[in-house]
Amino acid sequence: MTIRSVVRGVGHYLPERVVENAEFEKTLDTTDEWIRGRTGIERRHIAAEGEYTSDLAIKAAEAALEDANMSVDQIDAIVVATSTPDSTFPSVATMVQAGLGSTTGFAYDVQAVCAGFIFALTNANGLILSGQAERVLVIGAETFSRIMDWTDRGTCVLFGDGAGALVLEAAEGTGTANDRGILSSDLHSDGRYKDLLYVDGGVSTTGTAGHLRMQGNAVFKHAVTKLAETAHKALDKAGLTGENVDWIVPHQANLRIISATAERMQLPMDRVIVTVQDHGNTSAASIPLALSVGKQRGQIKEGQVLVTEAIGGGLAWGSVVLRW
Ligand code: UT7
């Protein structure tokens, strides 16, 4: 008998305030045309004062639990992917646990920046396969607006805030790619590239939160090659090929990266879930947000094969293949 981690519910939350590209024209040497043309981003949501990553995560988790028709008492573990926690510690995950009214099970954060959800999903799958947990809430939640340098046009126009969540449940499978659930994972990192995308502050260095710094063009080049490669590896591990893929659900950083990856995978854009125009880059939240929006739009349906892939600071990157 094979155990599979099957998605039972999905949900998301976006802060109320929407900032259109045109707003940046007032304070920066930039244009809506440049942002749209170079990235595909049209708008992003920004958290309100006093609204924290845990607040976004709790709302996304509530939506996912409702979608799964489950109560928090049924959840054994909560894994949150974030690089923008409310505080250095405790984890956002334990704040979510308390916020949902749970006093059982366990909760912790995973940090792999924009690839965080891929790592968290793989980690949650490990909890289920090893028998540590039967039902796991996996959340990606970020308030990247809090680490933006609002004078740096090369970064601040790119990011947004948001959260998405999945409920995974152990289920019996046959051990073939026909099973529902997570079919394979492929994870990578290479710390030599830390200077390409980092935050210039931290607990042990400056004692401040710092601001995001990125050599966008260099990250772009890594993304275009590494994402298609990891997606192919994950498909191979699952015993599938591009032809079996119903949807690519990519990290939403840049429409040009998304379409270049689809092209390398020889898949048309009508098989890609795209939300970057409305959310910007929400780091670890972008894939669960895209999964939730894709389901709401009626694109993602039970039984379909999905390939998720992401790259971010570290560099860290990877891919998860699942049957929805
Ligand atoms: O999620 C984590 C992973 N992150 C990513 O995947 C992001 C990857 N990188 C990218 O998406 C793209 O590299 C960017 C959107 C960040 C930049 O696009 P690009 O085509 O790589 O542009 P560039 O950095 O090479 O800059 C081209 C020009 C520069 O001007 P010069 O030097 O050619 O005169 C920039 O100063 O565009 C300029 N520029 C801007 N102009 C207007 C940079 N930002 C802006 C802006 N408005 N907001």
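The values are calculated or read from the model by the stated rules, or taken from the named source; none is laboratory data. Predicted model, so just to flag it, every value in this text is computed and none were measured. Because the Cβ atoms are built from the backbone with ideal geometry, glycine has one as well, and the counts that use them run over all protein chains shown.
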**Asked** In segment 127-137, how many residues are crowded, with 18+ Cβ neighbours inside 10 Å, of a type in the set (A, V, I, L, M, F, W, C) and not in a loop (DSSP other than H, G, I, E, B)?
**Response** 4
**Message:** Restricting to segment 307-324, and then to whatever is over 24 Å from Arg44 (Cβ atoms) and surrounded by fewer than 24 Cβ atoms within 10 Å (Cβ to Cβ), can you tell me which residue is nearest to the ligand (Cβ to nearest atom)?
**Reply:** Trp324
**Message:** Please determine whether any residue of segment 61-78 is within 30 Å of Leu196 (Cβ to Cβ) and in contact (Cβ under 8 Å) with a residue 40 or more places away in the chain.
**Reply:** no
**Asked** Can you tell me which residues in segment 40-60 are assigned to a helix (DSSP H, G or I) and free of Cβ contacts under 8 Å to residues at least 60 places away in the same chain?
**Response** Asp55, Ile58
**Asked** If a residue has to be more than 19 Å from the chain's Cα centre (by Cα), more than 12 Å from Leu158 (Cα to Cα) and among the basic types (Lys, Arg) to count, how many in segment 5-51 make the cut?
**Response** 2
**Prompt:** Can you tell me how many residues in segment 79-122 are hydroxyl-bearing (Ser, Thr, Tyr), under 28 Å from Leu197 (Cα atoms) and part of a loop (DSSP other than H, G, I, E, B)?
**Reply:** 6
**Message:** Six or more apart or on different chains, Cβ atoms under 7 Å: show the pairs whose first residue is in segment 28-39 and assigned to a helix (DSSP H, G or I) and whose second is near the ligand (Cβ under 7 Å from one of its atoms).
**Reply:** Ile35/Val157; Thr39/Leu158; Thr39/Asn254
**Item:** Test set (1) more than 16 Å from the ligand (Cβ to nearest atom); (2) touching a Phe, Trp or Tyr at 6+ places or on another chain (Cβ under 8 Å); (3) of a type outside the set (Asp, Glu) - Thr282 fails condition number
**Value:** (1)
**Request:** Select from segment 15-27 the residues that are within 12 Å of the ligand (Cβ to nearest atom) and surrounded by 15 or more Cβ atoms within 10 Å (Cβ to Cβ) and list them in ascending order.
**Result:** Asn21, Phe24, Glu25
**Asked** When you go through (1) surrounded by fewer than 19 Cβ atoms within 10 Å (Cβ to Cβ); (2) in contact with a Gly (Cβ under 7 Å, 6 or more places away or on another chain) one by one for Ala77, which number turns out not to apply?
**Response** (1)
**Among the candidates Thr275, Thr225, residue that is hydroxyl-bearing (Ser, Thr, Tyr) and either surrounded by 24 or more Cβ atoms within 10 Å (Cβ to Cβ) or touching a helix residue (DSSP H, G or I) at 6+ places or on another chain (Cβ under 7 Å) (or both)** = Thr275
**Prompt:** In the list Ala171, Ala124, Ala98, which residue meets the criterion of being surrounded by 23 or more Cβ atoms within 10 Å (Cβ to Cβ) and either assigned by TED's automatic domain parsing to the domain that holds Thr30 or more than 16 Å from the ligand (Cβ to nearest atom) (or both)?
**Reply:** Ala124
**Qualifying residue in segment 208-224 (condition: of a type in the set (A, V, I, L, M), touching a residue at least 60 places away in the same chain (Cβ under 8 Å) and away from the ligand (no atom under 15 Å from the Cβ))** = yes
**Asked** What pairs can you find where one residue is in segment 275-298 and under 13 Å from Ala165 (Cα atoms), the other is assigned to a loop (DSSP other than H, G, I, E, B) and within 13 Å of the ligand (Cβ to nearest atom), and their Cβ atoms are less than 7 Å apart, with a gap of 6+ or different chains?
**Response** Ala284/Ser83; Ser286/His251; Ser286/Gln252; Ile287/His251; Leu289/Thr282; Ala290/Gln252
**Prompt:** In segment 127-144, what count of residues is obtained for those that are within 16 Å of the ligand (Cβ to nearest atom) and either among the hydroxyl-bearing types (Ser, Thr, Tyr) or without any contact (Cβ under 8 Å) to a residue 24 or more places away in the chain (or both)?
**Reply:** 1
**Prompt:** In segment 229-248, which residues are within 16 Å of the ligand (Cβ to nearest atom) and free of Cβ contacts under 8 Å to residues at least 60 places away in the same chain?
**Reply:** Glu229
